[in-house]
Amino acid sequence: KNEVEQSPQNLTAQEGEFITINCSYSVGISALHWLQQHPGGGIVSLFMLSSGKKKHGRLIATINIQEKHSSLHITASHPRDSAVYICAVRGSQGNLIFGKGTKLSVKP
Amino acid sequence: NAGVMQNPRHLVRRRGQEARLRCSPMKGHSHVYWYRQLPEEGLKFMVYLQKENIIDESGMPKERFSAEFPKEGPSILRIQQVVRGDSAAYFCASSLLAATQETQYFGPGTRLLVL
């Protein structure tokens, strides 16, 4: 079993839909990251959080430390949100342990 | 302030050759991380370096792979005697402080193809 599990693996949505991507982890962490990888391959850090909730524009990330679970929400989705969304947890040494990613496709 | 720079962006090598991948962290960042993304797989941690020191190399293959981050100049990931299985995207990331609560900023990656 992977230390970081994401669901779903693939997600297709219509423009405007509310999207949720889930991440569960089985190790002790100091922080959790949500990353976005565009079709061209570049990686952008969206959020780093260790408790509660963070919001940036149409993106919201939440984490429940007791349940070892995090969610990434996208409100009013748009085709430009199409990308792979990656959950990563930070281990004790600072290195990141990654989920396999969720491939999101938003259709116009 | 330029972001994390990696070069080359694409690298083609024949089996048995050496590959050198370079990473220049963001200005002022002294912590560098290397990650590998195999085709159709997730990212995997390889090595964490601070200036002139390897902090954690638990993700590095024991043979053929080495990394350095000298006092001056970029961090280098070196792969000797490359094999087809080394074909992957190699990303580096940097952070200002030790990455316990710090955001890591990623470079654009180097895509290595071994023929």
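The values are calculated or read from the model by the stated rules, or taken from the named source; none is laboratory data. Just so it is clear, the model here is predicted, and its values are computed rather than measured. Glycine also receives a Cβ, built like all others from the backbone with ideal geometry; neighbour counts cover every protein chain displayed. Heavy atoms of the whole protein, side chains included, go into the accessibility calculation; ligands, DNA and RNA do not. Shrake-Rupley method; radii C 1.70, N 1.55, O 1.52, S 1.80 Å.
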Query raised in the report: Straight-line reach from B:K62: which lysines have Cα under 21 Å away, leaving out those fewer than 8 places along the same chain?
Result: B:K44
Query raised in the report: Quick one: ranking B:E63, A:E15 by accessible area, 1.4 Å probe, largest first, what do you get?
Result: B:E63, A:E15
Report task. Straight distance only, please: which lysines reach the Cα of B:K27 with their own Cα at less than 17 Å, same-chain residues fewer than 8 apart left out? Result -> B:K51, B:K71
Query raised in the report: Nearest 100 Å², what total accessible surface is buried between chain A and chain B (probe 1.4 Å)?
Result: 1600 Å²
Report summary line: Carbon/sulfur accessible area of chain A, % of total, 1.4 Å probe, equals 50 percent
Query - Reach of A:K54 by Cα under 21 Å, taken over lysines that are not fewer than 8 positions away in the same chain - result: A:K68
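For an R0 of 45 angstrom, estimate the FRET efficiency from the Cβ-Cβ distance between B:Q17 and A:S45 and round to the nearest 0.05.
Here the calculated transfer efficiency is 0.85.
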Requested in this report: Could you pull the accessible area for A:M48 with a 1.4 Å probe, rounded to 10 Å²?
Outcome: 30 Å²
Report summary line: In whole Hz, the Karplus estimates of ³J(HN,Hα) for the range B:34-42 (6.51, -1.76, 1.60; θ = phi - 60°; x where Gly or Pro) are 10, 10, 10, 10, 6, x, 6, 10, x
**Report entry** Convex hull volume per residue in cubic angstrom - Cα atoms of the protein assembly as shown
**Finding:** 125 Å³
Query raised in the report: In the range B:9-108, carbon and sulfur make up what percent of the accessible area (probe 1.4 Å)?
Result: 46 percent
Report summary line: Residue-normalised value, i.e. accessible area per residue, for the protein assembly as shown at 1.4 Å probe, in Å², stands at 50 Å²
